[in-house]
Amino acid sequence: GQQVQQSPTSLVLQEGENAELQCNFSTSLNSMQWFYQRPGGSLISVFYNPSGTKQSGRLTSTTVIKERRSSLHISSSQITDSGTYLCAMEHPGGYKVVFGSGTRLLVSP
Amino acid sequence: GGIITQTPKFLIGQEGQKLTLKCQQNFNHDTMYWYRQDSGKGLRLIYYSITENDLQKGDLSEGYDASREKKSSFSLTVTSAQKNEMAVFLCASSMGGDSDYTFGSGTRLLVI
C-alpha cells in the first residue's frame, strides 16, 4: 500500500478561507518536507519539518513523528496559493524519500 | 545562493529512442536524485546517488540508466522511450541524511 497518504486529494476554497492539508505515513520516518508546485512549475520547499511546529507567514506546519503525521495549515487563503501541495517523508537511514500524490488546491475569488 | 539546472526543459523523442536528461547543481550537495512525476501522481524515485560515481536504484529504475561522473552533475538516460509516454522528470539535490531537498525546474518529456 501507499506509504504516504495525503488528504484531501483536492480542495476548492474561496479567497480568505482557511485550509488544512494532512499527510499520514504508514512507516516510521526520519523527517518530512512539504513542497508547493504551481501547474507546470518546479517543486518549491515550503517547510522542512522533522518535528514540531513551524510557521512562515500564513503557513503553519505541524509534524508529530511518533504519530506519523504532518499537517499544513494555510490561513486566509489567496488566489496565488492555488497549486499542488506535496508532502514527502524520508526513510530512517536517510536518502530514500517517498512522496504523497498531492493535494490540489484551488482558491477562487 | 545556489541553483540546480535541468536541461533540456522540453524533450520530444521518438519511440525506441535513447534520451538523456542532464542535471547540474552548484550547492556542493553530496546527494542527487531523479524523480518521475506523472499527472495525478506523486513523485517516484528512479535513481539516486550519494556521492560521485555512486548509483542507487529507486522504485522505478527499470528502463533507465544514470551516471554521476562529477559531484555537481547527475544525468539520466531513458534507454528506450515508450510511445505516448508523457511525464515530468525532476532532479533534486541535498546534503544527504536529514536535510532538505532542492529541486530543479524539470524536464518535460513527450514521446511520439
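Any idea which residue in region B:93-112 is farthest from residue B:49 (Cα to Cα), counting only those that are more than 9 Å from chain A (Cβ to nearest Cβ) and part of a loop (DSSP other than H, G, I, E, B)? Don't jump to the end; show me each part of the working.
Step one: list which residues in region B:93-112 are more than 9 Å from chain A (Cβ to nearest Cβ), which gives B:93, B:95, B:107, B:109-112.
Then drop every residue that is not part of a loop (DSSP other than H, G, I, E, B), which leaves B:95, B:112.
Working: B:95: 11, B:112: 30 Å.
Filtering region B:93-112 for residues that are more than 9 Å from chain A (Cβ to nearest Cβ) and part of a loop (DSSP other than H, G, I, E, B), the one farthest from residue B:49 (Cα to Cα) comes out as B:112.
Of all the residues that make up region A:90-109, how many are assigned to a strand (DSSP E or B) and either of a type in the set (Phe, Trp, Tyr) or touching a helix residue (DSSP H, G or I) at 6+ places or on another chain (Cβ under 8 Å) (or both)? Before the answer, list the steps.
The initial filter retains those residues of region A:90-109 that are assigned to a strand (DSSP E or B), namely A:90, A:97-99, A:103-108.
Right, trim to either of a type in the set (Phe, Trp, Tyr) or touching a helix residue (DSSP H, G or I) at 6+ places or on another chain (Cβ under 8 Å) (or both) and you get A:99, A:105, A:107-108.
Residues in region A:90-109 being assigned to a strand (DSSP E or B) and either of a type in the set (Phe, Trp, Tyr) or touching a helix residue (DSSP H, G or I) at 6+ places or on another chain (Cβ under 8 Å) (or both): 4 in total.
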Problem - Meets criteria (touching a Gly at 6+ places or on another chain (Cβ under 6 Å) and farther than 28 Å from residue A:5 by Cα) for residue B:81 - result: yes
Completion exercise
When restricted to A:103, A:62, the only residue in contact (Cβ under 8 Å) with a residue 60 or more places away in the chain and among the β-branched types (Val, Ile, Thr) is A:103
Handout entry: Every residue from region B:39-69 that is out of contact with any Phe, Trp or Tyr (no Cβ under 8 Å at 6 or more places or on another chain), under 30 Å from residue A:10 (Cα atoms) and more than 10 Å from every other protein chain (Cβ to nearest Cβ)
Key = B:39, B:60
Handout entry: Hits in region B:7-29 (condition: of a type in the set (S, T, N, Q), in contact with a strand residue (DSSP E or B) (Cβ under 6 Å, 6 or more places away or on another chain) and surrounded by fewer than 17 Cβ atoms within 10 Å (Cβ to Cβ))
Key = B:7, B:20
Exercise for the section: Sort out which residues of region B:74-92 are more than 12 Å from chain A (Cβ to nearest Cβ) and closer than 22 Å to residue A:98 by Cα, and write them in order of number. Expected result: B:74, B:75, B:76, B:77, B:78, B:86, B:87
Handout entry: The listed residue being farther than 21 Å from residue A:32 by Cα and modelled with pLDDT of 90 or more, out of B:93, B:80
Key = B:80
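Evaluate region A:47-63: report whether one residue or more is among the hydrophobic types (A, V, I, L, M, F, W, C), farther than 25 Å from residue B:6 by Cα and at pLDDT below 95. Walk me through how you get there before you give the answer.
Kept after step one, since they are among the hydrophobic types (A, V, I, L, M, F, W, C), are these residues of region A:47-63: A:47, A:59.
Of the ones still in play, those that are also farther than 25 Å from residue B:6 by Cα are A:59.
Narrowing the set further to residues that are at pLDDT below 95 leaves none.
Within region A:47-63, none of the residues are among the hydrophobic types (A, V, I, L, M, F, W, C), farther than 25 Å from residue B:6 by Cα and at pLDDT below 95.
Run down B:54, B:30 and say which single residue is without any contact (Cβ under 8 Å) to a residue 40 or more places away in the chain and not hydrophobic (A, V, I, L, M, F, W, C).
Values: B:30 fails: without any contact (Cβ under 8 Å) to a residue 40 or more places away in the chain.
Of B:54, B:30, the one residue that is without any contact (Cβ under 8 Å) to a residue 40 or more places away in the chain and not hydrophobic (A, V, I, L, M, F, W, C) is B:54.
The values are calculated or read from the model by the stated rules, or taken from the named source; none is laboratory data. Nothing here was measured: the structure is a model prediction, and the numbers come from that model. Virtual Cβ from ideal backbone geometry, glycine too; neighbours counted across all protein chains shown.
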